[in-house]
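These notes concern the structure reproduced below.
The values are calculated or read from the model by the stated rules, or taken from the named source; none is laboratory data. All figures in this text were calculated on a predicted structure; none of them were measured in a lab. All Cβ positions, glycine included, derive from the backbone under ideal geometry; neighbour counts span all protein chains shown.
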Ligand SMILES: [Zn+2]
């Protein structure tokens, strides 16, 4: 802009200055705030270019493969604690293109609840392993059986579907027999 002004004849500079105003330069101000807004939008990265060729093989056979050009931030409420949560565009790219998670898999939990549900799932797997090795001893250990049952019931509250019905029924039966 400075160079542009230098090339202008004096007369033109005067009319240019009077046009944009000398007190507070409204033209520059509005341009400035517009540029600032655009910069903020870029920084929040709510849109990221998608590369569906990096998806898992099954995702590449899906309808979404043809029509997904970009990821946008997805807002949702955690189904466990109801907290406002964002599945960011950047996180979607990582999830589908690096971790190769199926494209039709939606987020339902916030980060904290997701971590907690993974922890519980891991504890359940540990119980199953112990059970497989020492079934005969553990079937009369109500402490172990109750903890396992509690983990299964707790995990259902994070996943919103009933799972392991057979395991729960077996545990309830054994616990009652031991009482
Ligand atoms: Zn949550």
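Some points to look at:
- For region 67-82, the set of residues classified as within 15 Å of the ligand (Cβ to nearest atom) and out of contact with any strand residue (DSSP E or B) (no Cβ under 7 Å at 6 or more places or on another chain) consists of 79, 80, 81, 82, listed by residue number.
- None of 133, 78 is surrounded by 13 or more Cβ atoms within 10 Å (Cβ to Cβ) and either touching a helix residue (DSSP H, G or I) at 6+ places or on another chain (Cβ under 6 Å) or over 20 Å from residue 46 (Cβ atoms) (or both) except 78.
- The listed residue being in the same structural domain as residue 63 (by TED's automatic domain parsing) and in a helix (DSSP H, G or I), out of 123, 97: 97
- Meets criteria (within 16 Å of the ligand (Cβ to nearest atom) and not assigned by TED's automatic domain parsing to the domain that holds residue 52) for residue 166: no
- On the stretch given as region 83-119, residues that are more than 16 Å from the ligand (Cβ to nearest atom) and exposed (fewer than 12 other Cβ atoms within 10 Å of the Cβ) total 4.
- Options 115, 130: the member that is under 23 Å from residue 81 (Cβ atoms) and part of a helix (DSSP H, G or I): 115
Residues checked against (1) more than 30 Å from residue 64 (Cβ to Cβ); (2) assigned to a helix (DSSP H, G or I):
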| site | (1), (2) |
| --- | --- |
| 86 | no, no |
| 107 | no, no |
| 149 | yes, yes |
| 155 | no, yes |
| 169 | yes, yes |
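- Checking each residue in region 60-84 for being within 24 Å of residue 157 (Cβ to Cβ) and not in a loop (DSSP other than H, G, I, E, B) picks out 74, 75, 76, 77, 84.
Let's see how each residue does on (1) closer than 30 Å to residue 49 by Cα; (2) over 21 Å from the mean Cα position of the chain (by Cα):
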| position | (1), (2) |
| --- | --- |
| 80 | no, no |
| 84 | yes, no |
| 90 | yes, no |
| 93 | yes, no |
| 112 | yes, no |
| 117 | no, no |
| 142 | no, yes |
| 158 | no, no |
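- Every pair of residues 6+ apart whose Cβ atoms lie under 6 Å, when the first sits in region 72-86 and is over 9 Å from residue 108 (Cβ atoms) while the second is within 10 Å of the ligand (Cβ to nearest atom): 81/113; 83/110; 85/78; 85/110
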